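The values are calculated or read from the model by the stated rules, or taken from the named source; none is laboratory data. These figures come from a predicted structure and were not determined experimentally. Positions of Cβ are backbone-derived with ideal geometry, glycine not excepted, and every protein chain shown enters the neighbour counts. All accessible areas refer to the heavy atoms of the entire protein, side chains included, with ligands and DNA or RNA removed. Shrake-Rupley method; radii C 1.70, N 1.55, O 1.52, S 1.80 Å.
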Amino acid sequence: MAERLDTPLPTRRRWLRRPQVDSEVVGSAAEGIARFTGTPRFLVYLSAFVIVWLAWNTWAPESLRFDSAALGFTALTLMLSLQASYAAPLILLAQNRQDDRDRVTAEQDRQRAERNLADTEYLARELAALRLALGDVATRDFVRSELRSVLEELRDEDEERSRR
């Protein structure tokens, strides 16, 4: 009888346990490797390694050579292909982690911009309220003119009293 497709299979006991991998550790290691492989120092080291490999397998005694030039340095080609096949996913993993960090940073920047806008709008309202309040406050020139007119009235009254 065929098993039903809508029910999961019972879990089988595994002979080997799956390794528990901390994705944060793997991600930070991938970033470290990606950062290193993108440096001039890595290019110099890799170039020196290839030059030594080629020189050894070209000019060393025949009994000490381990990669044949006649076969096109097959072992070197395989090693460089292996390095490239590991480097590409590590670089992608590092880019994904950087994208995640950029996304978080962009969200924090957006929230900060919203807070700044709210603060700016609040300050603009407060300034407008102060301007309106200052419109009701007497200015220095107005107070001086009022004081002058009061002083003139007092002088006029003094003169009238002195005449009587």
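Listed values, structure above:
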read-out: Residues with amide H under 5 Å from that of residue 73, placed H, sequence gap 5 or more; value: 68
read-out: Global geometry of the stretch 111-164, whether rounded, prolate or oblate, following the gyration tensor of its Cα atoms and the 1.5 cut on a/c; value: prolate
read-out: 3J(HN,Hα) from dihedral phi, the stretch 99-111, Karplus parametrisation 6.51/-1.76/1.60, rounded to Hz, x for glycine, proline; value: 4, 4, 5, 4, 5, 5, 5, 5, 5, 5, 5, 5, 5
read-out: Inter-centroid distance (Cα atoms) of the stretch 106-164 relative to the stretch 14-33, Å; value: 68
read-out: For the stretch 1-154, accessible area per residue (1.4 Å probe, heavy atoms of protein chains only), Å²; value: 88
read-out: Within a Gaussian network of the chain (alpha carbon springs, distance under 10 Å), most fluctuating of 99, 22, 136; value: 136
read-out: Nearest-ten-degree value, helix 140-163 long axis tilted from longest Cα axis of the chain; value: 10
read-out: Using a Förster distance of 45 Å, the FRET efficiency for residue 35-residue 64 (Cβ separation, nearest 0.05); value: 0.80
read-out: Among [x] 79, 45, 23; [y] 45, 37, 30; [z] 140, 67, 21, the entry derived from the coordinates for Cα extents along the principal axes in Å; value: [z]
